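First comes the structure, then the notes that go with it.
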Amino acid sequence: MSSEKLKSQMKTVVQTVKDTNPMAGSITNSVTINLVANTQIAVGGSAAMVYLPDEGEFLAKAGGAVYINMGTMMPVYEETLPLVVRTLKAEHKPWVLDPVAIGIGSLRTKLLQLFKDYKPDIIKGNASEIIALAGLWELEGGAGESQVRGVDSTNKVEEAQAAAVSLAKWTKGAVIVSGEVDLVTNGSVVASSRGGSHFLGKITGGGCALGGAAAIYLTSGSPFIAALTAVSAFNVAGKRAETTTDAPAGFQVEFLDQLYKATPDDIAQNQFDIEEV
């Protein structure tokens, strides 16, 4: 898979999203819901945030994709999330999973175990979350116990490569491991994407927003292309935003502006390396 072919497909996905304003519904972390929604809008999509079972079922049928983020669990999710993933499977609709804080609480664990059979098209997490999910699903590269510290990673991105590859092979989709250098894999190749900003680690919701952007791009491209496009868009916007601000709050505003301004060519030309695995 040549980098030039990937760049061409990425440009097509970005332009299609900007032209068609696709909707990707989200059931997401209540701490970061505003940033996720604004990010989805900034890249050219339409956001819809819900919690209730019937509303989740509606979005699973009506939207182009769905984003499920496990960051803040609520009792209603025990009904909402199984209904949504069953509906997505029946409707042949793609979805993104962010297993935030995996290993904390019985409901989160129960639902993440259920998702193994519903195979998310994109899984996005930090290194520790990806290792823990592969462990929960009894896949190669996984750890028996979660090493997640709250929502933070205690592992380096490269330590999660084996887990990411095995998850991608299981789902036949793509996996994003976010970090200083982001890793994206479809189980056959691994892309390493550079750029971004240290300020993304100084605001709440940068990772959640990345999952939301991936869901928007997933409406218009394959899982691997959508994942790589989302990561590249974030790395371009983060790098540019950092040059205009010296503090987190200002960075967040400028970051959204730079996401909005980034052209298909800007995003596709962000540096990434490809290797076969």
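The values are calculated or read from the model by the stated rules, or taken from the named source; none is laboratory data. Every value quoted in this text rests on a predicted model; they were computed, and no experiment measured them. Positions of Cβ are backbone-derived with ideal geometry, glycine not excepted, and every protein chain shown enters the neighbour counts.
Here are a few things to note about the model shown:
- Failed item, numbered, when ASP265 is tested on (1) closer than 30 Å to THR20 by Cα; (2) among the acidic types (Asp, Glu); (3) in a loop (DSSP other than H, G, I, E, B): (3)
- Pairs, first closer than 17 Å to GLY206 by Cα in the range 245-271, second β-branched (Val, Ile, Thr) and modelled with pLDDT of 95 or more, C-beta under 6 Å, six or more apart: LEU259/VAL43
- Matching residues in the range 83-106 - criterion: being more than 14 Å from GLU57 (Cα to Cα), over 20 Å from the mean Cα position of the chain (by Cα) and either modelled with pLDDT of 95 or more or not in a loop (DSSP other than H, G, I, E, B) (or both): SER106
- Put simply, of GLU140, GLU180, GLU79, GLU91 the only residue that is closer than 23 Å to ILE33 by Cα and out of contact with any Gly (no Cβ under 6 Å at 6 or more places or on another chain) is GLU79.
- Filtered residue count, the range 163-205, keeping only those that are part of a helix (DSSP H, G or I) and either under 18 Å from ALA268 (Cβ atoms) or touching a residue at least 12 places away in the same chain (Cβ under 8 Å) (or both): 12
- Flag for THR229 being surrounded by fewer than 24 Cβ atoms within 10 Å (Cβ to Cβ) and polar (S, T, N, Q): no
- Residue in the range 45-59 that is part of a loop (DSSP other than H, G, I, E, B) and of a type in the set (Phe, Trp, Tyr) present: yes
- Criterion: in contact with a Phe, Trp or Tyr (Cβ under 9 Å, 6 or more places away or on another chain) and surrounded by fewer than 24 Cβ atoms within 10 Å (Cβ to Cβ) - qualifying residue of GLY221, GLY187, GLY196: GLY187
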